[in-house]
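As structure tokens, the structure follows; a few thoughts come after it.
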Amino acid sequence: MTGAAGAPVTGTGRAWWRDAVVYEVYLRSFADSDDDGVGDLGGLRSRLPYLADLGVDALWITPWYPSPMADGGYDVADYCDIDPRFGTLDDADALLAEAHALGLRLIVDLVANHTSEQHPWFRAALAAGPGSPERDRYFFRNGRAGGAEPPNDWISAFGGPAWSRVREADGSPGQWYLHLFAPQQPDLDWTHPGVREDFDAVLRFWFDRGVDGIRVDAAPAMAKVTGLPDAGHAPGALFESRTWVGNPHWDVDEVHDILRRWRRIGDSYGGDRLFVTEAVVNGPERLSRYVRPDEMHTSFNFDYLTCPWDARSLRAVIDASLAALEPVGAPATWVLSSHDETRHATRFGRARTGAATMGFDTGAPSADRELGLRRARAAALLTLALPGSAYLYQGEELGLPEVEDLPEEALQDPTWERSGRTARGRDGCRVPLPWRGERPPFGFTEDGVAPWLPQPPGWATMTVAAQEGDPASTLSLYRAALQLRRRLPELAGAPLTWVDSGDDVLALDRGPAFRCVVNLSGEPLDVTAHGRVLVASGPCDGRLQPDTAAWFATGGT
Ligand code: NOJ
């Protein structure tokens, strides 16, 4: 059954995004169909049946627009086309139709805080010179100290100052422009009416093509305090936006005007188009502002993503997330990994299990792989048992670890250079997926072609083909859990109730017949009283081993 523009319809009357499982496709690394070593739309189309079988509800596709790829496509040169490395608009239309036919919804990624330096607006601004209306679309300012110093103390998320100086047409050092990310990503000035109107058209362009949702990149960056006052950053400060209060370039209240404007556009398409924001802000209350009834529908939960593997911390984050969202009526989201963070199968095997954002990961690289994977599998069952929507990052269903030993010459993330080569950045979680075979490229691309990032030879045992027939594999665990999640009505809608089980065990009920138990205690746990095991992340013969989890039927299901 399909609805507007061929989108699948659930028939439950409950908005699909309230408990959808969304799979993040990092397009460059998913599957390559034209043998250039870079993933593309053809590769994704050929693997749609895999994703439908996995049991996810929707796909979020990272930016597919024409881009110089200074930041993996988050530097957009044209918002209404597809990069030729990924395919064409026809391929995007075909993908959409095929995904819908398989019951999968599609979410595109909108990068509106900044463009690429190659975008025609920025090129025109550079050419037109100081004081021109073209420069008003961005933040061009004269420097301090006679022009030699940046206009203020703002910092880039990738390290270093958030300002770069241009050479004017006559070759002289000129104005500075703002970039909260890489210098190739100049920030747009969202007070400019033309910027607002042009992005309205971009939204309509993709909604008209039938996309089911939009992920809003770097939402808190889109408004700045008038006058661009200093933020008071200490020298060498990192971009730790989760700790900022009253910052003039992040989470500024005017951002919500933009989001409300977009919500009205989305709603004009019939009411079930989704907006999900990326908003790394200071705590659940600030986050809840992004999902007020007339703003976005959902927002990624970075407090959960960065939470250490510790029962008390996890319970506190889950409670705080649900409590903050309750008054605004928005569902929670739960996410463990993404293309921006160290993969959780590695993180959870380290001494410091919490995540650092944007690749500034100082965790010791010597992870205990076996421990990390055991915890990652347990974390998957916890995540999929929580009320709300869950985001999976491609490859986590295979238990893939972070690739920590990429050769330095292979690193592409701007963080590497911007940090003075002290933080390796995010390439280690972006290594192309292993599909089949005994050696790289593991079916990601044609044999003999080098993927854009090298894959570890040891991934032979982690390919989709290697895991498919193995009931104990991580892929089988995800499939089983996702199937159950669809089948059990409690997992769509029933509230969470904690079961008293001591400080180091998480036990939660969803309705009268479903229970999830996660053992973080370090000791085997007697679980005979909990009911019949539906699925477990490790051996469970009446005792749940440390760092494993299980779902139980506690009633008659
Ligand atoms: C968040 C994206 O997830 C990340 O990959 C990107 O570098 C920044 N926003 C800037 O667009």
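Values for this structure:
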read-out	value
Residue identified as closer than 24 Å to ARG28 by Cβ, in contact (Cβ under 8 Å) with a residue 40 or more places away in the chain, in a helix (DSSP H, G or I) and out of contact with any strand residue (DSSP E or B) (no Cβ under 6 Å at 6 or more places or on another chain) among GLN483, GLN467	GLN467
Enumeration of residues in segment 518-541 that are among the small types (Gly, Ala, Ser) and either part of a loop (DSSP other than H, G, I, E, B) or surrounded by 18 or more Cβ atoms within 10 Å (Cβ to Cβ) (or both)	SER521, GLY522, GLY531, ALA536, SER537, GLY538
Test: residue in segment 139-149 that is buried (at least 16 other Cβ atoms within 10 Å of the Cβ) and within 19 Å of GLN118 (Cα to Cα)	yes
Residue check for LEU96: surrounded by 15 or more Cβ atoms within 10 Å (Cβ to Cβ), away from the ligand (no atom under 16 Å from the Cβ) and in a helix (DSSP H, G or I)	yes
Residue that is modelled with the highest pLDDT, among those in segment 395-432 that are among the basic types (Lys, Arg) and on the phi < 0 side of the Ramachandran plot	ARG430
Matching entry among VAL211, VAL252, VAL280 (being more than 19 Å from TYR74 (Cβ to Cβ) and either part of a loop (DSSP other than H, G, I, E, B) or of a type in the set (S, T, N, Q) (or both))	VAL252
Residue, surrounded by the most Cβ atoms within 10 Å (Cβ to Cβ), within segment 158-178, restricted to residues that are small (Gly, Ala, Ser), under 32 Å from the mean Cα position of the chain (by Cα) and modelled with pLDDT of 95 or more	ALA162
Residues of segment 405-432 classified as buried (at least 21 other Cβ atoms within 10 Å of the Cβ), farther than 24 Å from ALA460 by Cβ and among the acidic types (Asp, Glu), total	1
Any hit, segment 424-445, residues being more than 18 Å from the chain's Cα centre (by Cα) and aliphatic (A, V, I, L, M)	no
Selection count, segment 491-508, where residues are on the phi < 0 side of the Ramachandran plot and touching a residue at least 60 places away in the same chain (Cβ under 8 Å)	11
In segment 142-186, residue nearest to the ligand (Cβ to nearest atom) [restricted to those that are among the small types (Gly, Ala, Ser), closer than 16 Å to LEU228 by Cβ and touching a residue at least 60 places away in the same chain (Cβ under 8 Å)]	SER156
Condition check for GLU402: in contact with a helix residue (DSSP H, G or I) (Cβ under 9 Å, 6 or more places away or on another chain), in a loop (DSSP other than H, G, I, E, B), surrounded by fewer than 17 Cβ atoms within 10 Å (Cβ to Cβ) and acidic (Asp, Glu)	no
Residue, nearest to the chain's Cα centre (by Cα), within segment 54-78, restricted to residues that are away from the ligand (no atom under 13 Å from the Cβ) and not in a loop (DSSP other than H, G, I, E, B)	LEU59
Selection within segment 245-257 - under 21 Å from the mean Cα position of the chain (by Cα) and either of a type outside the set (Asp, Glu) or more than 18 Å from PRO284 (Cβ to Cβ) (or both)	TRP250, VAL255, HIS256
Positions within segment 327-344 being farther than 17 Å from ASP310 by Cβ and away from the ligand (no atom under 16 Å from the Cβ), in sequence order	PRO327, VAL328, GLY329, ALA330, PRO331, ALA332
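The values are calculated or read from the model by the stated rules, or taken from the named source; none is laboratory data. Bear in mind the structure is a predicted one, so any value in this text is a computation, not a measurement. Backbone-built Cβ (ideal geometry, glycine too); neighbour counts: all protein chains shown.
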